[in-house]
Amino acid sequence: MSASADYRIPALAAMSAVAYGLVSWWSYKKRNQGALPLPPGPKPLPVVGNVLGLKIDEPWVTYTHWGAMYGELVYSRLLNQEIILINTEKVARDLLERRSNNYSDRPGILCLTNDFFGWSFNSVMIKYNDRWRLHRRLFHQAFRPEAAFTYQPMQLRKARELLNNLLEDPVNWRAHFQTHSTSIIMSVVYGYETAPRDDPIISIIDRAVNLAVASIKPEVAAFLGAFPFLRHIPSWFPGASFKRTAILSLKYAEDMIEAPFQYVEKNMASGSASSSMVADSLRKAEDENASETYVKAIKESAVTAVAAASETTSSTLLIFILTMLQNPEVQARAQAEIDSVIGSVRLPNFEDRASLPYVEAVLREVLRWHPAIPLSIPHAATNNDVYNGYFIPQGATIITNTWAITRNEAKYPNPEEFKPERFFGADGKLNDDTVSFAFGAGRRICVGRYIADASIWSAIVSTLAIFDIKKCKDEQGNDINVNPKFTAGITSHPFPFPCLIVPRHKGFSKENLAQMF
Ligand code: HEM
């Protein structure tokens with residue numbers, strides 16, 4: 001590649017950024033003729049805005065720092081994208097819930113970036129319109145509390161498969177938590193039973209999700225939004241590797257949409273399809289002679305659920321393992337509670353849940369201590385608005401800083417400490433803070449929260465009942481301490497870390513486990 005070619009994209013980009021900046025400034029003046037102030041925030045540089053001040057591997061930390069400096073509502077700019085940061089639960093509820101008419105859209109450039117990488121099917125990034133309403137209706141039928149309740153026996157069975165996998169192959173514990181999360185949602189959505197390892201459909205899904213998670217990032221979206229021509233340059237153009245990635249991602253996404261859907265269609269044709277979100281919706285569509293649009297929505301919402309559920313649920317479980325490793329006294333207290341309520345001849349089930357308040361508090365503290373989606377999923381302002389005297393421009397990206405909400409010292413003293421006890425009142429009873437904000441707010445709130453809650457609870461309580469989570473030892477027999485690092489992106493989980501997951505009782509075998517089922 002020649003040196004001059006290397007400069008072609010940045011030069012074109014800089015020219016369009018200046019032009020875009022001028023147009024944005026002019027349209028801001030036009031929109032805000034009453035000249036109300038924007039919320040306070042860091043001073044943006046020309047063209048790039050506040051990009052340079054952002055800690056790219058932990059943007060939520062920068063945003064929380066800005067929250068401490070400028071307050072509950074912060075204005076910043078990433079290239080030409082106007083960002084309104086919400087740093088408190090109260091403002092999140094005031095805007096996303098009480099003014100949900102205005103704050104239920106998704107930012108256009110995030111939707112475009114999704115489309116660019118072949119993820120136009122993705123319900124999470126659909127604009128706030130009739131297509132989104134249709135997807136949401138399909139989710140509601142399959143994931144509402146009464147429906148979610150019916151999956152609990154399957155979720156317990158999957159938790160027990162997880163225990164088997166941990167016992168048989170402890171080295172690959174990380175993969176087992178991932179398989180557990182994906183296999184639950186595959187069962188709910190497609191009635192598909194995954195193999196414990198190397199499942200062909202799961203490989204297709206993992207391939208597509210991994211590439212998308214690595215590619216569809218807020219900074220990529222900001223870039224493609226600021227320089228729209230980049231979406232149209234040919235893949236052979238120097239520096240255009242993102243375009244080649246996008247072509248590959250499109251192909252992977254198509255395979256991911258089709259493979260599990262065809263599995264259901266085939267089973268329906270042979271009369272062997274079990275009840276699932278897709279089979280039930282397709283039967284209803286047949287009965288009602290539904291449109292092609294409806295059938296397409298079934299296909300799209302189904303695959304979205306799998307992508308949205310597996311990464312988030314397994315990330316939360318990896319965070320759970322890390323916190324147990326770092327806080328052995330919490331682990332011991334949770335195990336003592338399980339032993340005293342359940343004993344050692346059977347495994348916990350959902351009927352025990354209300355009798356295990358400390359385990360409940362552990363789950364809440366896992367969601368709080370490191371939320372799997374630290375900046376939630378961005379919303380967008382449909383119209384200009386005014387909040388507490390500040391102007392919120394139409395089209396602005398609205399980021400709920402979940403991380404800052406979890407670091408609210410007034411509600412969570414010493415927030416970096418992992419302390420389940422914080423969820424108990426002076427009367428010794430669990431308080432009513434279920435950390436629900438980890439699942440977003442308003443009309444776009446997570447549709448899978450009831451399923452996620454049951455998947456996480458059953459995995460946590462089953463693992464703690466049977467296993468100890470311990471530090472590995474070095475050659476001298478000393479504990480290997482872990483200094484955790486987390487992935488950045490829409491979801492966040494710990495990078496691989498050394499950890500031993502061993503049965504609590506010496507000589508505990510597969511046969512012992514089978515007797516406890
Ligand atoms: C620990 C697990 C999970 C966490 C932390 C989580 C968190 C979230 C968050 C923060 C949002 C954005 C809400 C907003 O925009 O305000 C979201 C949206 C969504 N989640 Fe989850 N989620 C989890 C599990 C699941 C599961 C199991 C499913 C499917 C069964 C699911 C499906 C979705 C969908 C489809 C959306 C998009 C909703 C929309 O845009 O209307 N999630 N989730």
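The values are calculated or read from the model by the stated rules, or taken from the named source; none is laboratory data. Only a predicted model underlies this, so the values are computations on that prediction, with no experimental measurement involved. Quick reminder, even Gly has a Cβ in these numbers, built from the backbone with ideal geometry, and neighbours come from all protein chains shown. All accessible areas refer to the heavy atoms of the entire protein, side chains included, with ligands and DNA or RNA removed. Shrake-Rupley method; radii C 1.70, N 1.55, O 1.52, S 1.80 Å.
Model label sites at T434 and Q476, defined 7 Å from Cα along the beta-carbon direction, differ in position by 4.9 nm. Report, as a whole number in µm² per second, the diffusion coefficient that Stokes-Einstein gives for the range 3-516 at 4 °C and 1.567 mPa s using the Kirkwood radius over alpha carbon pairs. D, rounded to a whole number, is 53 µm²/s. Fully extending the segment from R93 to S509 would add 144.8 nm, taking 0.36 nm per residue of separation and subtracting the current Cα-Cα distance.
Shown for the range 346-408: the carbon plus sulfur share of the solvent-accessible area, taken with all protein chains present and a 1.4 angstrom probe, equals 49%.
For K284, the aspartates and glutamates whose Cα comes closer than 17 Å to its Cα, not counting residues fewer than 8 places off in the same chain, are E265, E292, E300. Sequentially through the range 279-292, phi angles give Karplus couplings (6.51, -1.76, 1.60; θ = phi - 60°) of 4, 5, 5, 5, 4, 5, 4, 5, 4, 9, 6, 6, 6, 4 Hz, Gly and Pro residues having no value and appearing as x.
Remark: for residue pairs K429/K506; K266/K296; K158/K266, the C-alpha separation exceeds 27 Å in K429/K506.
Could you look at the range 264-330 and say what percent of its accessible area is carbon and sulfur, using a 1.4 Å probe and all protein chains?
Taking all protein chains in place, the range 264-330 shows 48 percent carbon and sulfur surface.
Using only helices, what value at 222 nm comes out for the chain when you add -39,500 (n - 2.57) per DSSP H run of length 4 or more and divide by the total residues, to the nearest 500 deg cm²/dmol? Estimated from H runs of four or more residues: -17000 deg cm²/dmol.
Can you give the FRET efficiency to the nearest 0.05 for Q141 and D57, using r as the Cβ-Cβ distance and R₀ = 35 Å? List each step's numbers first, then the result.
Numbers: r = 39 Å, r/R0 = 1.12.
Efficiency computed from Cβ-Cβ geometry: 0.35.
A simple spin-label model places the labels of S274 and N388 5.0 nm from each other, with each point 7 Å out along Cα-to-Cβ.
Rounded to the nearest 0.05, what FRET efficiency do S340 and E193 give with R0 = 30 Å and r taken as the Cβ-Cβ distance? Could you check? Step by step, r from the Cβ atoms, then E = 0.30.
Quick one: grab the alpha carbon gyration tensor of the range 62-147, order the square roots of its eigenvalues as a ≥ b ≥ c, and give me rounded if a/c is under 1.5, else prolate or oblate depending on whether a/b is larger than b/c. It comes out oblate by the Cα gyration axes. Phi angles across the range 367-373 convert, under the Karplus curve 6.51 cos²θ - 1.76 cosθ + 1.60 with θ = phi - 60°, into 3J(HN,Hα) values of 4, 7, 4, 9, x, 5, 10 Hz, Gly and Pro given as x. Under the convention that each Lys and Arg Cβ holds +1 and each Asp and Glu Cβ holds -1, the size of the dipole of the chain around its Cα centre is about 1260 debye.
Here's the list of lysines a cross-link from K55 could span, going by alpha-carbon distance under 18 Å and ignoring same-chain residues fewer than 8 apart: K43, K217, K485.
Once both labels are positioned 7 Å from their Cα atoms along Cα-to-Cβ, the gap between N289 and D255 label points is 4.0 nm.
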